[in-house]
Each structure stands twice: as structure tokens, then as C-alpha cells.
Amino acid sequence: MALLEVSDLSVQYGRVTALEKVSLTVRDGEIVTVLGANGAGKSTLLKAILGAVPARGGGVTFDGADITARPTHERIARGLSLAPEGRRILISLSIEENLLLGAHMRRDAAAVHREMDAIYARFPNLAERRHMLASCLSGGEQQMLAIGRAMMAKPRLLLLDEPSLGLSPLFVQKLFELIRELNAGGLAILLVEQNTGKALGVAHHATVLELGRVVMAGEPAALAADPRLREAYLGDG
Ligand code: ATP
């Protein structure tokens, strides 16, 4: 079933058209990746899905409900959560305080603690240092914390904005293993990436944006074999 349906979505920043009639679908249990160069509109797409920037045209449906005009907090309560580009960790807060920020919408304290235990079980590095400042974490660990924080909202669809950016090859490897594991547990993921090869390796479906428009979409294997994509995003040609 379609969990997220983006249809003909357009977003404008003043006179700049950031998205022009973009459509894509994420079904339950799927990883969908959105690829494209800097400035293609990938972050804007995630922000519009979350309601952080308004749609000028088109719409967003989540779990059967039209959320196009709904506020961000309602979208999060319905099961959308974002790990933003650049991680946005608060380095003057502890690891645990950063995690709790991801749960500030939730009222059930016992459920929040269960969630935190599950996150600590998944990330022993974070558990060991839970009361230390987030500034003590490496870039890779901060990315795990950003994902952990997003998971604290108990999402049904996790939005990841360029999670591999700036990570060492080892952490990139770990990150993609984590994405697979989270998805194997039933979580749907919308993954914005510039690491085209890795993203196509985990995704069930891929969409390529250029200058705010969808220029290619389909099965990752078919896209990976497409000479236009290979030349532009996989360094071939
Ligand atoms: P990146 O990987 O660099 O973040 P992106 O694919 O995520 O790129 P967006 O950040 O969504 O692209 O930007 C899409 C377009 O919108 C670009 O032309 C960008 O300059 C413009 N843009 C983004 N944010 C704003 C803003 N707040 N005000 C004006 N223009 C913006």
C-alpha cells in the first residue's frame, strides 16, 4: 500500500522554483532513494513532505490522509520523522538530551523510555556515553545520534537527508548496514543521497531530480545500468 504519495508537488523560494511537479510514492516497507546533484531540490522535497516549506502546487498524502496543509507537528505525530542534512546535533547537550529532543511530541513517558532502550541497544557507543556532551562524538557517531533522535519519534517513514555526507568509508558502510536493518524491521525509508552507488544498492525504487524536476525513476538495477545515470552520477562515461 502507498504510505507516502507525493503528487505534482511544486515549491518556490521567492522567484526560484525549487521543485516543479514532483511525484513519487513510498510503499509500506520500502526504501526509496532520491538522487541528484547539489541544488537539485532533494532537501526541499524532504522539507515539503515534513511541512517545513509550503507547497505552491500539488499535494502530499500520508497513510491515506491529505497532509498538504497540515502543520509539521501533526505530520510527525502521524509517523514522519527527519534526520536532517548536516545532522543538526546540539553539541552543548548530552547524547541522551539530544535523543529526548526527538521524542518531545510524545506524551507516554514509559513508551519513550522503551524507545530509548531500543536505540541504546542498537548503538552501544551512544549508550556508554549517554551522559556525555554530544561534542565528544565523531562525525559518524553524530550521524548515528541524528538517526537515533529521528527514531525517537517512532516513525513509520524515516526521511534521511544525505546521511553519508562527510563520513569515513567505514562509517558509510555501517550507515548503509543500519539503513538495511531498520528497513528489515519494517520501517519505510526515503533516502536522499549523493552516494549514488550505495543508495541504489539498498533501495527498492529510485528517483533522480535535476533542477527540481524528476528526470528518471524506476528500479535501482535499471537506473544503475542507464548510461545517462552512470555518466552523471556514477563517474562513468
Ligand atoms: P544540496 O544537496 O546542496 O542540499 P538539494 O538537492 O538538497 O541540494 P535544495 O537545497 O533543495 O537542493 O535546493 C534547491 C534549490 O532551491 C536550489 O536552487 C537552492 O539554491 C534553492 N534554495 C534552497 N533553499 C532556499 C532558500 N531558503 N531560499 C532560497 N532558495 C533556496
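Quick one: order Leu50, Leu157, Leu35 by neighbouring beta-carbon count within 10 Å, fewest to most. Before the final figure, lay out the partial values.
Values: Leu50 18, Leu157 23, Leu35 27.
Going from least to most buried by this count: Leu50, Leu157, Leu35.
For the chain, what value does the Rg/Rh ratio take when both radii are computed over Cα atoms and Rh is the Kirkwood radius, given to two decimals? Spell out each step's value before the answer.
On the way: Rg = 17.4 Å, Rh = 18.1 Å.
The Rg/Rh ratio comes out at 0.96.
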With a 10 Å Cβ neighbour count serving as the proxy for reagent exposure, in which order, fewest first, do Leu234, Leu9 appear?
-> Leu234, Leu9
Work out the length of the dipole vector of the range 82-237 about its Cα centre, built from +1 on the beta-carbon of each Lys and Arg and -1 on the beta-carbon of each Asp and Glu, and round it to the nearest 20 debye.
-> 380 debye
If one takes the longest principal axis of the Cα atoms in the chain, at what angle in degrees, from 0 to 90 and to the nearest 10, does the Cα axis of helix 169-184 lie?
-> 90 degrees
Per-residue HN-Hα couplings for the range 67-78 [Karplus 6.51, -1.76, 1.60; θ = phi - 60°; Hz; x = Gly/Pro] = 9, 3, 10, 8, x, 4, 4, 5, 5, 5, 4, 7
Expected sort for Thr72, Thr207 with the fewest Cβ neighbours (10 Å cutoff) up front is Thr72, Thr207
Fluctuation leader among Arg107, Arg122, Arg149 - the chain, Gaussian network, Cα springs under 10 angstrom | Arg107
For Arg78 and Leu234, what does the FRET efficiency come to when R0 = 30 Å and r is the distance between their Cβ atoms, rounded to the nearest 0.05?
-> 0.25
Expressed as a whole-number percentage, the relative contact order of the chain with C-alpha contacts under 8 angstrom and at least six residues apart is 27 percent
Mean projection of the alpha-carbon convex hull of the range 94-135 over all orientations, in nm²?
-> 2.8 nm²
In degrees between 0 and 90, to the nearest 10, how far off the longest principal axis of the chain does helix 139-151 point, with axes built from Cα atoms?
-> 90 degrees
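For the range 1-94, which trypsin sites (Lys or Arg not before Pro) are both in a DSSP coil and crowded by at most 10 other Cβ atoms within 10 Å?
Details: sites: Arg15, Lys21, Arg27, Lys42, Lys47, Arg56, Arg75, Arg78, Arg87, Arg88; in loops: Arg15, Arg56, Arg87, Arg88.
Qualifying residues, ordered by number: Arg15.
Computed from the coordinates by the stated procedures, all read-outs in this text should not be read as laboratory data. No experiment lies behind these values; they were computed from the predicted model shown. Glycine gets a Cβ as well: all are built from the backbone with ideal geometry, and neighbour counts include every protein chain shown.
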